[in-house]
Structure formats: C-alpha cells, structure tokens
Amino acid sequence: MQEFRGQTVVTFDNESTGTIVIEHLRELEGSIRRWLEKNMEYIQFVIPIEDALTTDPVQAMFCGPIELMQRARGVLGGCGLPITVLRTEYPGRDLSIVDVLNAGCSKGHALERWANYRGIQRDQVMAVGDNYNDIEMLTFAGRPFIMGNASAELLGRGWTLTRSNAESGVAAAIELMLDGKSLEGNSSEGKSREAVGAKR
C-alpha cells in the first residue's frame, strides 16, 4: 500500500494519544481532515507508520478521492489476506473511505452476532443506513431503512426509504416503526422521500 501512505489512518483500541496514528495531515482532505483535527488529542504522528504496528490495530483506513481509493480497493482485493474491505463514498465531495478490518468484521456481522446473542429474531431488527458499508447490515435486518441521501446502489434495492440526514430521516423511520404502520408500499421503488414519517 506504499502508493497510499499519505491516505493511511490506523486505529488502535485505547483512549489516549495513539488511538489514531497517521504520518501527516497533508493528503487527508476535506471532512476527514476536519474530523482528525477535532480528535487531535488522540492522534500520534509516526513516520514511517509501520513503526506504530507494535500491537494489532482495530482497523486501517484509507481516505481520499474516489478514483484513487478505487485503486486502493483493487490492490487490497488482490492481496490474498484474510481481511474485510468496506467502502464509503461521497461523490459530491469526491471522497471515499476504505476500511480494512479483520475477516468477518462488519456492521452486518456485528448486528447478526448481537441479535443471536440476545435471542432477537431478524424481523425484530431495524437498521438505518446510507452507504455501501451498510449493505450487509441492511441485508440482515428485517426492517431495513435507507436515508433519502443514500448511495445509488442502495436506492435500487427496494428497501424502505426515509428522509435524508438533513431532514431527520432516522427519527422519521423510528416514528414509523413505533406507530406500527405497515412497511408495504414504502419501498424506495416508486415512493417519494416524503412517504416515511410524513406525519409528525
């Protein structure tokens, strides 16, 4: 992953300086850079970043323009390691985040394990998502909702469409579930964004 060294963020399971490790901020742009700046107390700058790998990290993350991160995913996909690679994309900002986790780690796997542990059936599980890294979670949930600003690939799957992030979409989805209304006819196919939670 040498080509993507400047886009690399490594996260460790602790709550002090060194929770987040990067080499520098120069190539980490936009909202990711602002997020890092807000969490500066947890950041340690290590050059080369490999020197920080004295314990197993929770995840590695590569952040940058969508085209560059597509190349990163291609390299990771061909590495032959037992890992999970997930992506989040924001085309309007030309920003992509590629998460690298241990094999079998994802929102979907975590939700399934937790539901099984608690004895909760899939049809009792509600999930709300808006991006590619939410697909496994939404597929598992018996009550999947997607935000009005969701990625195009999610919009075409027939999941129930709620309002956008800016329009309190999660609250609208929860209200619909608490009201006990039927989900039929509220799928993203042929239904407006105002369908879910129109009554406040």
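The values are calculated or read from the model by the stated rules, or taken from the named source; none is laboratory data. This structure is a prediction, so every number in the text was calculated from the model and none was measured. Quick reminder, even Gly has a Cβ in these numbers, built from the backbone with ideal geometry, and neighbours come from all protein chains shown.
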Being among the β-branched types (Val, Ile, Thr) and either assigned to a loop (DSSP other than H, G, I, E, B) or not assigned by TED's automatic domain parsing to the domain that holds GLU89 (or both) is the filter here; which residues of the range 1-31 pass it?
THR17, THR19
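Across the range 143-156, which residue is farthest from ASN131 (Cα to Cα) among those that are surrounded by fewer than 20 Cβ atoms within 10 Å (Cβ to Cβ) and touching a strand residue (DSSP E or B) at 6+ places or on another chain (Cβ under 8 Å)? Walk me through it before giving the result.
Let us first name the residues in the range 143-156 that are surrounded by fewer than 20 Cβ atoms within 10 Å (Cβ to Cβ), namely 143, 149, 152-153, 155-156.
Remaining after also requiring touching a strand residue (DSSP E or B) at 6+ places or on another chain (Cβ under 8 Å): 143, 155.
Values: ARG143: 17, LEU155: 10 Å.
That would be ARG143.
Residue by residue, here is whether (1) assigned by TED's automatic domain parsing to the domain that holds GLN121; (2) at pLDDT 90 or above; (3) under 22 Å from ASP123 (Cβ atoms); (4) part of a loop (DSSP other than H, G, I, E, B) holds:
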site	(1), (2), (3), (4)
THR139	yes, yes, yes, no
PHE145	yes, yes, yes, no
ARG163	yes, yes, no, yes
GLU175	yes, yes, yes, no
GLU184	no, no, yes, yes
Can ARG34 be described as assigned to a helix (DSSP H, G or I) and either assigned by TED's automatic domain parsing to the domain that holds LEU95 or surrounded by fewer than 11 Cβ atoms within 10 Å (Cβ to Cβ) (or both)?
yes
Filter the range 87-124 down to the residues that are surrounded by 15 or more Cβ atoms within 10 Å (Cβ to Cβ) and hydroxyl-bearing (Ser, Thr, Tyr), then identify the one that is farthest from ASN149 (Cα to Cα).
SER106
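So which residues in the range 125-139 are closer than 20 Å to LEU101 by Cβ and surrounded by fewer than 19 Cβ atoms within 10 Å (Cβ to Cβ)? Working first, answer last.
We begin by selecting, within the range 125-139, every residue closer than 20 Å to LEU101 by Cβ; these are 127, 129-139.
Those that are closer than 20 Å to LEU101 by Cβ and surrounded by fewer than 19 Cβ atoms within 10 Å (Cβ to Cβ): TYR132, THR139.
Quick grid of which residues meet (1) charged (D, E, K, R); (2) in the same structural domain as THR17 (by TED's automatic domain parsing); (3) not in a helix (DSSP H, G or I):
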{"position": "GLU41", "(1), (2), (3)": "yes, yes, no"}
{"position": "GLN44", "(1), (2), (3)": "no, yes, yes"}
{"position": "PHE62", "(1), (2), (3)": "no, yes, yes"}
{"position": "ARG73", "(1), (2), (3)": "yes, yes, no"}
{"position": "LEU111", "(1), (2), (3)": "no, no, no"}
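Please go through the range 92-134 and pick out each residue that is of a type in the set (Ser, Thr, Tyr) and either out of contact with any helix residue (DSSP H, G or I) (no Cβ under 9 Å at 6 or more places or on another chain) or closer than 19 Å to THR11 by Cα (or both).
At the first step, the residues of the range 92-134 found to be of a type in the set (Ser, Thr, Tyr) are 96, 106, 117, 132.
Listed by number, the residues that qualify are SER96, SER106, TYR117.
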